[in-house]
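Visitor: A single structure is presented below for examination.
The values are calculated or read from the model by the stated rules, or taken from the named source; none is laboratory data. Bear in mind the structure is a predicted one, so any value in this text is a computation, not a measurement. Cβ atoms come from the backbone with ideal geometry, glycine included; neighbour counts cover every protein chain shown. Accessible surface areas use protein heavy atoms only, side chains included; no ligands, DNA or RNA. Shrake-Rupley method; radii C 1.70, N 1.55, O 1.52, S 1.80 Å.
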Amino acid sequence: MTQARPPFHLRGVLLPEGEHRDLWIADGLVSHEPVRDAVTLAEGGYLLPGLVDAHCHVGLGPSGAVELPEAAEQAETDRDAGTLLIRDCGSPLDTRPLQERADLPRIIRAGKHIARPKRYLPYVSADLEHEELLPATVAEQAAYGDGWVKLVGDWIDRSTGDLAPLWSDQILTEAIAVAHAAGARVTAHVFSEDAVPGLVNAGIDCIEHGTGLTGDTIAEMARRGTALVPTLINIETFPGIAAKAGKYPRYAEHMRALHARNDATVAAAIEAGVPVYAGTDAGGGIKHGRIADEITALHRVGMTTEDAIGAASWSARAWLGRPALAHGAPADLVVYAEDPRADLRVLRAPELVVLGGHPYT
C-alpha cells in the first residue's frame with residue numbers, strides 16, 4: 001500500500017498577482033485555506049504556476065522515434081527545469097504510457113505530424129500520397145490525440161529547390177473544419193511566406209515557427225486570435241541548416257533571410273496583439289529542458305519579462321485549458337529564490353519543483 005503524502009505549506013510571492021500568499025497542498029491539490037499539520041516546503045521565495053513548453057516533442061530523437069525509457073528521460077529533464085505541462089507538438093512514439101506516470105509532466109498529445117511523401121523529416125510523420133486524404137487523416141489523429149492535430153504546412157520541395165506549401169487552400173479548409181467538428185484544434189509547422197495565408201484563412205488555431213509572417217498575415221492572425229509559438233531557439237539553427245543545403249541555393253538563401261528578420265517578425269506579431277506562447281521545439285536537434293532560454297528569447301524580441309514568463313506559465317495554461325494555482329487545482333508549481341521578473345536568469349535554477357503535490361529538488 002502506498003503511504004499518503006503529508007500536506008504541505010508554501011509561502012512566497014505568488015505570480016502573476018505579485019502578492020505574498022500562503023498556499024497549502026492536500027491530496028495533490030492546491031488549497032487556499034489552511035490545512036492542519038502541513039509541512040512547510042518553502043518560505044520567502046517566488047511561486048509560479050508550473051512552466052509550459054507549448055512546442056515539445058517527447059519521444060522524438062535525431063533518427064525518429066526513441067524507446068519509451070528515453071522518452072521518459074526527456075520528460076524528466078523538462079520537469080527538472082520547471083516544465084510541468086507539455087503540448088507535445090507531434091511525436092512518432094505513442095507516449096500515452098508516460099501520461100500514466102505521476103512523476104512526469106502532464107502531456108497534451110497531438111499525435112503524429114501529417115505530411116506528404118518526402119516533404120518532412122523521415123520516420124516521423126504520417127505521409128499522405130494524395131492530399132484528398134487529409135480530412136480523414138485529421139479525423140484519425142484528432143481521435144488519437146488530446147485535442148490537437150499537427151500539420152506540416154510547408155517544407156522544401158526538391159523539384160523547385162525551395163520551401164513550398166504542402167496543401168491546397170480548399171483541402172485545408174475542409175480538414176480544419178473536420179478537426180473543429182471533433183472538438184480538436186489544429187496547428188502547423190510553417191517557415192515560408194507562401195504557406196501562411198492558406199492556413200490562417202482556413203481557420204487554423206496556431207502557427208508554429210512562423211518565420212514567414214508578413215504584415216498582412218500578422219494582422220489577420222491578430223484579428224482571428226490565431227496563436228503563434230515562434231520557437232525562437234529553434235530558429236537559431238537556420239544558418240547551420242542553410243550551410244548544409246549546398247544542392248539547393250534558393251532554399252539556403254531563403255532560410256538565411258528568414259533567420260535574419262525573425263526577431264523583427266516576432267516583435268511585430270507581439271506588437272499587433274497576436275497571442276504568443278513559449279515553445280522550445282525540443283526533440284531531435286534541440287535539447288530538452290531549455291524553456292528558460294525560450295522565455296529569455298521572447299523578452300529579447302519585445303515581451304516584458306512578466307509577459308514572457310506568462311507565455312510559458314499562466315497565460316499558456318489558460319490557452320491550453322489547464323489551471324494555474326486556483327483553489328482545488330493540481331499542485332503543479334515552481335519555486336524560485338529570487339524574482340524572475342527582475343532577472344530571467346533566475347529561471348535556470350528552480351529552488352523547488354512540485355508536481356501533483358510531490359516535491360522535487
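Visitor: Taking the convex hull of the alpha carbon atoms in region 11-77, what volume per residue do you get, in Å³?
Guide: Values: hull volume 9.0 nm³, N = 67.
Per residue, the Cα convex hull of region 11-77 comes to 134 Å³.
Visitor: Further, regarding this structure: So the label point goes 7 Å from the Cα of residue 345 along Cα→C-beta, right? Which residues of region 303-318 then have their backbone N under 17 Å from it?
Guide: Answer for region 303-318: 305.
Visitor: Now for a separate question. Around residue 192, with a cut-off of 14 angstrom between Cβ atoms, what is the net charge of the other residues, counting Lys and Arg +1 and Asp and Glu -1? Could the numbers behind the result be given before it?
Guide: Details: positive: 119, 250, 256, 261; negative: 154, 157, 162, 193, 194, 208, 253.
In short, -3.
Visitor: Considering the dipole of the chain built from charges on the beta carbon (Lys and Arg +1, Asp and Glu -1) around the Cα centre, which of 180, 160, 85 is farthest to its positive end?
Guide: So the residue we want is 160.
Visitor: For region 133-172, count all C-alpha to C-alpha pairs, find those more than 17 Å apart, and express that count as a whole percent of the total.
Guide: Numbers: 336 of 780 pairs.
Distances greater than 17 Å cover 43 percent of the Cα pairs.
Visitor: Per the 1.4 Å probe, what fraction of the accessible area of region 1-153, in percent, lies on carbon and sulfur atoms?
Guide: 49
Visitor: Highest first, please rank the peptides 101-108, 203-210 by the mean number of other Cβ atoms sitting within 10 Å of their residues.
Guide: Numbers: 101-108: 19.2, 203-210: 24.5.
Descending packing order for the listed peptides: 203-210, 101-108.
Visitor: Jot down the radius of gyration and Dmax of the chain, Cα atoms only, both in angstrom.
Guide: 20.5, 69
Visitor: Can you give the Rg/Rh ratio of region 46-153, where Rg is from the C-alpha atoms and Rh is the Kirkwood radius? Before the final figure, lay out the partial values.
Guide: On the way: Rg = 14.5 Å, Rh = 14.4 Å.
Taking Rg over the Kirkwood Rh, I get 1.01.
Visitor: Compute the label zone of residue 96 within region 139-157: residues whose backbone N is under 19 Å from the point 7 Å along Cα-to-Cβ.
Guide: Within reach of a label on residue 96: 139-150.
Visitor: While we're on this one: Place the peptides 331-338, 186-193, 9-16 in order of packing, highest mean first, counting for every residue the other Cβ atoms within 10 Å and averaging per peptide. Intermediate results must be reported in sequence, preceding the final value.
Guide: On the way: 331-338: 22.5, 186-193: 24.5, 9-16: 20.0.
Averaged packing, sorted descending, gives the order 186-193, 331-338, 9-16.
Visitor: Considering only 37, 80, 293, give the residue with the highest GNM mean-square fluctuation for the chain, with springs between Cα atoms whenever their separation is below 10 Å.
Guide: 37
Visitor: Please list, or write none, the lysines whose alpha carbon is within less than 18 Å of the alpha carbon of residue 112, excluding same-chain residues fewer than 8 places away.
Guide: The qualifying lysines are 150.
Visitor: Another one. Return the distance in nm (one decimal) between the two label points of a simple spin-label model at residue 247 and residue 118, each offset 7 Å from Cα along Cα→Cβ.
Guide: It is 0.9 nm.
Visitor: So what is the accessible area of the chain per residue, in Å², with the probe set to 1.4 Å?
Guide: Details: 15030 Å² over 361 residues.
Counting only protein heavy atoms, the per-residue value for the chain is 42 Å².
Visitor: If you count, for each residue, the other Cβ atoms within 10 Å and average over each peptide, how do 109-122, 44-57 line up from highest to lowest? Walk me through the numbers on the way to the answer.
Guide: Values: 109-122: 19.9, 44-57: 26.4.
Going by the mean number of other Cβ atoms within 10 Å, highest first, we get 44-57, 109-122.
Visitor: Here is a further query. Residue by residue through region 295-309, what is 3J(HN,Hα) from phi via Karplus (6.51 cos²θ - 1.76 cosθ + 1.60, θ = phi - 60°)? Round to whole Hz and write x for glycine and proline.
Guide: These are the phi-based 3J(HN,Hα) values: 4, 4, 5, 5, 5, 4, 8, x, 6, 5, 4, 5, 5, 5, 5 Hz.
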